[in-house]
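Engineer: My structure is below; once you've seen it, I'll send some questions.
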Amino acid sequence: MHEMSLVADVVDLVERRTTGRHVTEVRLRVGALTGVLPDAMQFCFEMATAGTRLEGATLELETVPGRIACRTCGAESPCDDHVLLCGCGSADVGVVAGDDLMVTSVAVRREPACA
Amino acid sequence: MCVTCGCGQPGESHAHSHTHAVQPSTDLLAIEERVLAHNDHLAAHNRAWLERRGIRAVNLMSSPGSGKTSLLERTIAETSGRREVCVIEGDQETAADAERISRAGANAVQVNTGAGCHLDASMVERALGSLDPSEGSLLFVENVGNLVCPALFDVGEHRRVVVVSVTEGDDKPLKYPQMFAAADLVVVNKTDLLPYVDCDLDVVAKNARAVNPGVDVLPLSVRHGSGMDAWYAWLDRISDTP
């Protein structure tokens, strides 16, 4: 499903930012509220990187917990549920953290030294 | 040399807090780029393009069979005198929906996503190039039938409308909260079938507002016409407001 599309975007992004380098690791920050499934990401990553400069790279996922700010009572609270509800009962909340998907860093093979 | 901060060059000495846990034969590059940044950038470009031409774009989303295309056919037939309507149709395969829209009397282009489950901003950008909507027109982007993925992808729309039909049950907003939380309007279609199904319109509205406080919920029947005037009034309002 959309993990495949998101992984394709990850591969495009990494290729664009690592011109000519072979990538050995991709570190991805996954917000808990994005609904992305880590297992599906890993599965799709292997398929999507075949034949690219990322072939054989490992995908390291760092999960970021969801956090919401309530417009009714002003409180901030953790939330990993897609039904965004403050402890005070209000659903009038904004997402502070956890709705993002970000490539934080990559490891690339060092170029061989010139003779 | 430390591949995290570059320290350890000859003549340097300083303290730092991170540990040196990187493979000796690799370099660590900071990227810090959002995966959807590229789509969001294209969506913003689409939005500005539409804004410059005074075109209002509505992203129409629902599960397959809720009545998106039928709603557009009736809208085109009954409001063509008021404003020009054009449509970008999204489906995995076939041009069937674009053909229906053309027969109803509006310009349409079909986007086939193949294995893809949603329209994204780059597909809509290309479709806008083919469709070339007139200034001041009302553009509908009829998304791929899917209550999950389209919610994640901004395509440059002005408003998002989610259609659910009474045959789907009244719990769908709770089961697909990302989709309903992103809606500017929830249309509940096929109210003509209420006597035959277990669906309570008040419960649909309550559930929609549980994930999207204050969202407008509009019951209607495309087949029989009830509620269509309220739909046209909503379209008039969004055409007039920024």
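The values are calculated or read from the model by the stated rules, or taken from the named source; none is laboratory data. All values reported here derive from a predicted model rather than from experimental measurement. Methodologically, a virtual Cβ is constructed for each residue, glycine included, from the backbone with ideal geometry; neighbour enumeration extends over all protein chains shown.
Engineer: Looking at segment B:155-170, can you tell me whether even one residue there is in a helix (DSSP H, G or I), at pLDDT 95 or above and crowded, with 20+ Cβ neighbours inside 10 Å?
Structural biologist: Yes, there is a match, as at least one residue in segment B:155-170 is in a helix (DSSP H, G or I), at pLDDT 95 or above and crowded, with 20+ Cβ neighbours inside 10 Å.
Engineer: Then there's this: Determine the pairs where a residue that is free of Cβ contacts under 8 Å to residues at least 60 places away in the same chain, located within segment B:45-59, has a partner that is assigned to a helix (DSSP H, G or I) and surrounded by 14 or more Cβ atoms within 10 Å (Cβ to Cβ) with Cβ atoms under 9 Å apart, the partner being 6 or more residues away or on another chain.
Structural biologist: So the pair list comes out empty.
Engineer: Additional query: Quick one: would you say A:Ala48 is among the small types (Gly, Ala, Ser), in contact with a Ser or Thr (Cβ under 8 Å, 6 or more places away or on another chain) and surrounded by 17 or more Cβ atoms within 10 Å (Cβ to Cβ)?
Structural biologist: no
Engineer: Ok, one more. Among the candidates B:Gly81, B:Gly136, B:Gly54, B:Gly114, which residue alone is within 14 Å of another protein chain (Cβ to nearest Cβ), more than 22 Å from B:Tyr176 (Cβ to Cβ), of a type outside the set (A, V, I, L, M, F, W, C) and in a loop (DSSP other than H, G, I, E, B)?
Structural biologist: B:Gly114
Engineer: List pairs: first in segment A:98-110 and farther than 16 Å from A:Val7 by Cα, second assigned to a loop (DSSP other than H, G, I, E, B), Cβ under 6 Å, 6+ apart or cross-chain?
Structural biologist: That search, which allows pairs on different chains as well, returns A:Gly98/A:Pro65; A:Gly98/A:Gly66; A:Val108/A:Thr18; A:Val108/A:Arg21; A:Arg109/A:His22; A:Arg110/B:Ser25.
Engineer: Please specify each residue of segment B:84-111 satisfying the condition of being within 14 Å of chain A (Cβ to nearest Cβ) and surrounded by fewer than 17 Cβ atoms within 10 Å (Cβ to Cβ).
Structural biologist: B:Gln92
Engineer: Could you grab me the full set of residues in segment A:91-110 that are within 9 Å of chain B (Cβ to nearest Cβ) and in a loop (DSSP other than H, G, I, E, B)?
Structural biologist: Those that are within 9 Å of chain B (Cβ to nearest Cβ) and in a loop (DSSP other than H, G, I, E, B): A:Ala91, A:Asp92, A:Asp100, A:Arg110.
Engineer: Of all residues in segment A:71-107, how many are closer than 20 Å to A:Val36 by Cα and acidic (Asp, Glu)?
Structural biologist: Residues in segment A:71-107 being closer than 20 Å to A:Val36 by Cα and acidic (Asp, Glu): 4 in total.
Engineer: Would you mind stating whether B:Thr75 is closer than 22 Å to B:Arg237 by Cβ, touching a helix residue (DSSP H, G or I) at 6+ places or on another chain (Cβ under 8 Å) and surrounded by fewer than 20 Cβ atoms within 10 Å (Cβ to Cβ)?
Structural biologist: no
Engineer: Name the residue, out of A:Asp99, A:Asp81, A:Asp39, that is at negative phi, within 19 Å of the chain's Cα centre (by Cα) and surrounded by 14 or more Cβ atoms within 10 Å (Cβ to Cβ).
Structural biologist: A:Asp99
Engineer: Considering only segment A:29-43, state which residues are in a helix (DSSP H, G or I) and more than 10 Å from chain B (Cβ to nearest Cβ).
Structural biologist: Within segment A:29-43, A:Ala32, A:Pro38, A:Asp39, A:Ala40, A:Met41, A:Gln42, A:Phe43 meet the criteria.
Engineer: Return only the number of the condition from (1) at pLDDT 95 or above; (2) under 22 Å from B:Arg83 (Cα atoms); (3) touching a Lys or Arg at 6+ places or on another chain (Cβ under 8 Å) that B:Trp231 does not satisfy.
Structural biologist: The single condition B:Trp231 does not satisfy is (3).
Engineer: How many residues does segment B:199-232 contain that are assigned to a helix (DSSP H, G or I), more than 14 Å from chain A (Cβ to nearest Cβ) and under 30 Å from A:Gly89 (Cα atoms)?
Structural biologist: Looking only at that region, the number is 4.
Engineer: Could you check segment A:1-28 and list, in sequence order, the residues that are in a strand (DSSP E or B) and either more than 9 Å from chain B (Cβ to nearest Cβ) or crowded, with 21+ Cβ neighbours inside 10 Å (or both)?
Structural biologist: Answer for segment A:1-28, where residues must be in a strand (DSSP E or B) and either more than 9 Å from chain B (Cβ to nearest Cβ) or crowded, with 21+ Cβ neighbours inside 10 Å (or both): A:Val23, A:Val26, A:Leu28.
Engineer: Right, something else. May I ask you to list pairs of residues, at least six apart or on different chains, whose Cβ atoms are under 7 Å apart, with the first in segment B:161-175 being away from every other protein chain (no Cβ under 14 Å) and of a type in the set (A, V, I, L, M, F, W, C) and the second being part of a loop (DSSP other than H, G, I, E, B) and surrounded by 24 or more Cβ atoms within 10 Å (Cβ to Cβ)?
Structural biologist: Close Cβ pairs satisfying both conditions: B:Val161/B:Ala183; B:Val162/B:Ala183; B:Val163/B:Ser66; B:Val164/B:Ser66; B:Val166/B:Lys190.
Engineer: Further question: Any residue at all in segment B:92-99 that's farther than 28 Å from A:Leu101 by Cβ, in a loop (DSSP other than H, G, I, E, B) and touching a residue at least 60 places away in the same chain (Cβ under 8 Å)?
Structural biologist: Checked against the condition, which is being farther than 28 Å from A:Leu101 by Cβ, in a loop (DSSP other than H, G, I, E, B) and touching a residue at least 60 places away in the same chain (Cβ under 8 Å), segment B:92-99 yields no hits at all.
Engineer: Additional query: Among the listed residues A:Cys88, A:Cys73, identify the single one that is surrounded by 14 or more Cβ atoms within 10 Å (Cβ to Cβ), modelled with pLDDT under 95, more than 12 Å from chain B (Cβ to nearest Cβ) and in contact with a Cys (Cβ under 9 Å, 6 or more places away or on another chain).
Structural biologist: Answer to the selection: A:Cys73.
Engineer: Follow-up. Output the residues belonging to segment B:180-198 that are surrounded by fewer than 22 Cβ atoms within 10 Å (Cβ to Cβ) and more than 14 Å from chain A (Cβ to nearest Cβ).
Structural biologist: Scanning segment B:180-198 gives B:Asp184, B:Leu185, B:Thr191, B:Asp192, B:Leu193, B:Leu194, B:Pro195, B:Tyr196, B:Val197, B:Asp198.
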